[in-house]
Amino acid sequence: MSALKSVVRFNLSDRLEHWLLVVSFTLLALTGIPQKFAHQGWAVALIQLLGGIEMVRTLHHLFGVVMILEGVYHIAAVGYKVYVRRSPLFMLPRLKDLQNLWISVRHNLGLAPQRPASGRYSYEEKFEYWALVWGLTIMTITGLFMLIPLRVTQIFPGELIPAAKAAHGWEALLAVVAIIVWHVYHVHLRHFNQSIFHGRMSESEMIEEHSLEHERLRAGPLEPTPQEVQRRRRLYLPLAAGFVILALIGILLLVSEQTAITTRPPLP
Amino acid sequence: MSTPVGRRLTLVLAATFSAVLLGSVAAATSGSAFAPVFQATPTPQAVPNEVCLTCHSNQNLSLTLPSGETLRLFVDEEQFAASVHGQAGLQCVSCHRGYLPGQHPTLGVENRREWSLQAAQVCQDCHADVFQEFIASVHGASFAQGNLDTPTCSDCHGIHNIPDPHLEQFRVRSPQLCATCHADTALMAKYGISRNVFETYVADFHGTTVELFARTAPDQPTNKPVCIDCHGVHDIIATDDPESPVIKANLVETCQRCHAGADPSFVGAWTSHYAPSLEQYPLTFLVNLFYALFIPAVIGGMVVLVGIDAYGRWRRRGETR
């Protein structure tokens, strides 16, 4: 990067998380959407292609667990950035995001001369991030409800199961369409933003898309000293590891319910 | 009886007569690897199938009943040979009683339905135990009253093409069989029964899977239940009967047959053939309502914003960045 200076936007951990999401989201959509439309010709053909409904369900459960674990890892990774690195909460929605949305609309219609100045994350990116948090939460809860109905109904009323099924299917459809409309437009069509793959963004792109963040980086933000980082890591890493391991055990225990007999009894 | 049929009848009688001279060939030909499900052994028959098929292999052979309905008299020999009765070595006259050399009795029925009710009486000669179960059922009670809407043996099992009901194919396709009547709006309205039972079954976990199996792999066993697993087979009783396996008080026990250890509240996870509404399964209804508003709102908002952004880019095209 000699002629064109660039900054690090996403570290290795961020990029790994993105890949985990790409793989689990795509495979969950591929194995899940045909289950929602199970009686349409294309869905039947796709289910056949993937090895039949029982195989499709097994794959769906498997990648569902991968996505949940990615969520668990994300919580630990955010905790690391905030506690150990003392990173500001860049992703928090602020009033400025609404103002930016308004300026952006006016600018696009030719009513405002300047495009909005964004920080590390633009309002489009924040919207997508929180949509994903909402979606992942809904899908995890409703998905687990369907996976372990015997345990769920020991505590909750039975109607939660069909309600969870309804929410899971609709939320999935919303997520897939939202990704196609919002994500594909903003980072593929409008301009192919490759920073999530190689981690870097050119300075000119930074000025264009994230001018406030560019200024902040130029000003040289206050970084914690290596000693401080070392000290906090000693406390945080064992805690985070414990959290991840507990979540892993919890999920494995949860998903291991024997909901139904595998072979039906002979006909009376 | 029309003239061609009459002519053929003469042929049959001639052929039958010659057959009987050769002796009771048919008596010795029954024999099968099948475990017998019938109670009585059919009496040795004197008329071999070939004799009947002389006329009944004609695809156009038919009879006009007094009701004006046409009764096809064609029998597909290959189809019968592949059927459970053909495999067991049964003869035409094992069921079509009273047909002896020189005797070809008339049916004596007014319409097709009466004819199939009459046919059911023949089945009980061998399948007496099943018939007793059937007569005690909700369908059988209506049959005993002579109700012409009643499903009889042949309505579910077929006639000359009866498949082995223990085959997986028969099982996974059986919900469609029940649906031929239970999804019939006019017929169900007559008895005040819901016509949505099939639709709601297919919309739920069990039915979705069974229908997929029926469409893609009917010979593969599935652990998901079909209608008869919960409601019973020949012994189906009314769903409001206190003895019914699907009445609320008995339902948890029925669920536990497959879902070991199911809590009484687990029963609520099955929507009991109701389409969700404010009265039945309101939470599911409200979830559906929420998404019916939420999805268009979110996606609509996204499309508008993306559209405005794309317009802005198009308007500013060529400008230096």
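Couple of notes before you dig in:
- Number of positions in the stretch B:129-182 that are of a type in the set (A, V, I, L, M) and within 24 Å of B:T216 (Cβ to Cβ): 4
- Pair list, Cβ under 7 Å, 6 or more apart: the stretch B:69-85 residue more than 23 Å from B:H166 (Cβ to Cβ), other residue open to solvent by 70 Å² or more (accessible area, probe 1.4 Å): B:E69/B:R112; B:T70/B:T64; B:L71/B:R112; B:F74/B:Q59
- Enumeration of residues in the stretch A:220-268 that are among the charged types (D, E, K, R), surrounded by 11 or more Cβ atoms within 10 Å (Cβ to Cβ) and more than 14 Å from chain B (Cβ to nearest Cβ): A:E223, A:E228, A:R231, A:R232, A:R233
- Options A:R9, A:R15, A:R86: the member that is at pLDDT below 95 and either under 13 Å from the mean Cα position of the chain (by Cα) or open to solvent by less than 30 Å² (accessible area, probe 1.4 Å) (or both): A:R9
- Where helices (runs of 4 or more DSSP H) sit wholly within the stretch A:172-255, those with at least 2 residues that are touching a Leu at 6+ places or on another chain (Cβ under 9 Å) occupy A:203-209, A:226-254.
- Some residue of the stretch A:100-110 being charged (D, E, K, R), within 14 Å of chain B (Cβ to nearest Cβ) and within 30 Å of B:D204 (Cβ to Cβ): no
- Residue count, the stretch B:112-130 (criterion: closer than 18 Å to B:V84 by Cα and free of Cβ contacts under 8 Å to residues at least 60 places away in the same chain): 5
- Test: residue in the stretch A:190-199 that is within 10 Å of another protein chain (Cβ to nearest Cβ), of a type in the set (A, V, I, L, M) and within 24 Å of the chain's Cα centre (by Cα): no
- Members of the stretch B:264-299 found to be facing chain A (nearest Cβ under 9 Å), hydroxyl-bearing (S, T, Y) and assigned to a loop (DSSP other than H, G, I, E, B), listed by number: B:T271, B:Y281
- Pairs linking a residue in the stretch B:300-314 that is at the interface with chain A (Cβ under 7 Å from one of its Cβ atoms) to a residue that is among the small types (G, A, S), with Cβ atoms under 7 Å and 6 or more positions apart or on different chains, are B:M302/A:A178.
- Consider the stretch A:117-162 and keep the residues that are outside any helix (DSSP H, G or I) and either touching a strand residue (DSSP E or B) at 6+ places or on another chain (Cβ under 6 Å) or at the interface with chain B (Cβ under 10 Å from one of its Cβ atoms) (or both). The one that is least open to solvent (accessible area, probe 1.4 Å) is A:G158.
The values are calculated or read from the model by the stated rules, or taken from the named source; none is laboratory data. Predicted model, so just to flag it, every value in this text is computed and none were measured. Cβ sites come from the backbone with ideal geometry, for glycine too, and all protein chains shown count toward neighbours. All accessible areas refer to the heavy atoms of the entire protein, side chains included, with ligands and DNA or RNA removed. Shrake-Rupley method; radii C 1.70, N 1.55, O 1.52, S 1.80 Å.
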